[in-house]
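The values are calculated or read from the model by the stated rules, or taken from the named source; none is laboratory data. No experiment lies behind these values; they were computed from the predicted model shown. Positions of Cβ are generated from backbone atoms using ideal geometry, with glycine treated the same way; all protein chains shown enter the neighbour counts. Accessible surface is based on the protein model in full, side chains and every heavy atom, while ligands, DNA and RNA are left aside. Shrake-Rupley method; radii C 1.70, N 1.55, O 1.52, S 1.80 Å.
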Amino acid sequence: MSLMITDECINCDVCEPECPNEAISQGDSIYEIDPNKCTECVGHYDAPQCVEVCPVDCIPVGIEETHDQLMDRYLHLTGQKA
């Protein structure tokens, strides 16, 4: 399961530009994370950038996929794996 944004989101707009996979977009009422694009920044950074910049901590960490699953998604998204 990828990261997700809770309803505590205040629509501050800081997370969207930080996502290297463009997995974050404005939803109907709050920002949302596309689980098919989210790699928790594996392959790009040491920590999820959205979590690092969120001022209200509305992106909980802890329900994570394995590093191998995230790396496979990263390789697929960047065209390094078919």
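May I ask you to list the trypsin sites (Lys or Arg not before Pro) in the chain that are in a DSSP loop and have at most 14 other Cβ atoms within 10 Å of their Cβ?
Details: sites: LYS37, ARG73, LYS81; in loops: LYS37, LYS81.
Of the trypsin sites (Lys or Arg not before Pro), the ones in loops of the chain whose Cβ has at most 14 other Cβ atoms within 10 Å are LYS81.
Starting from the Cα of HIS67, move 7 Å in the Cα-to-Cβ direction to define the label point; list residues of segment 26-56 whose amide nitrogen is under 16 Å from there.
Correct set: 39-48.
To the nearest Å, what is the center-to-center distance of segment 44-75 and segment 15-43, using C-alpha atoms only?
Computed from Cα coordinates, the inter-centre distance equals 10 Å.
What is the ratio of the Cα radius of gyration of the chain to 2.2 N^0.38 Å, where N is its residue count, to two decimals? Could the numbers behind the result be given before it?
Numbers: Rg = 12.2 Å, N = 82, 2.2 N^0.38 = 11.7 Å.
My calculation over the Cα atoms of the chain gives 1.04.
Which whole-number value in Å² is the accessible area per residue of segment 16-82, probe 1.4 Å? List each step's numbers first, then the result.
Working: 4210 Å² over 67 residues.
Counting only protein heavy atoms, the per-residue value for segment 16-82 is 63 Å².
Taking DSSP loops as anything outside H, G, I, E and B, show the longest stretch in the chain free of GluC sites (Glu not before Pro) there with at most 15 other beta carbons within 10 Å. Before the final figure, lay out each step's value.
Working: sites that count: GLU8, GLU22, GLU64.
For GluC sites (Glu not before Pro) (loop position, at most 15 other Cβ atoms within 10 Å), the longest site-free span of the chain is 23-63.
I'd like the carbon and sulfur percentage of the solvent accessible area for the chain, probe radius 1.4 Å, heavy atoms only, ligands and nucleic acids excluded.
Values: 2410 of 5110 Å².
The value for the chain is 47 percent carbon and sulfur by accessible area.
Nearest 10 degrees is fine. How inclined is helix 67-77 to the longest principal axis of the chain, computing both from alpha carbons?
Once rounded, one gets 90 degrees.
Points 7 angstrom from Cα along the Cβ direction at HIS44 and GLN80: gap in nanometres?
1.4 nm
Taking 0.36 nm per intervening residue step and subtracting the Cα-Cα distance, what contour gain separates VAL53 from SER29 on full extension? Don't jump to the answer; show the numbers that get you there.
Values: separation 24, 0.36 × 24 = 8.64 nm, distance 1.97 nm.
So the chain would gain 6.7 nm between VAL53 and SER29.
Let me know the charge dipole size of the chain about its Cα centre in debye, to the nearest 20, where only the beta-carbon of Lys, Arg (+1) and Asp, Glu (-1) is charged. Please list the in-between numbers first.
Details: 3 positive and 17 negative charges, 69 e Å.
About 340 debye.
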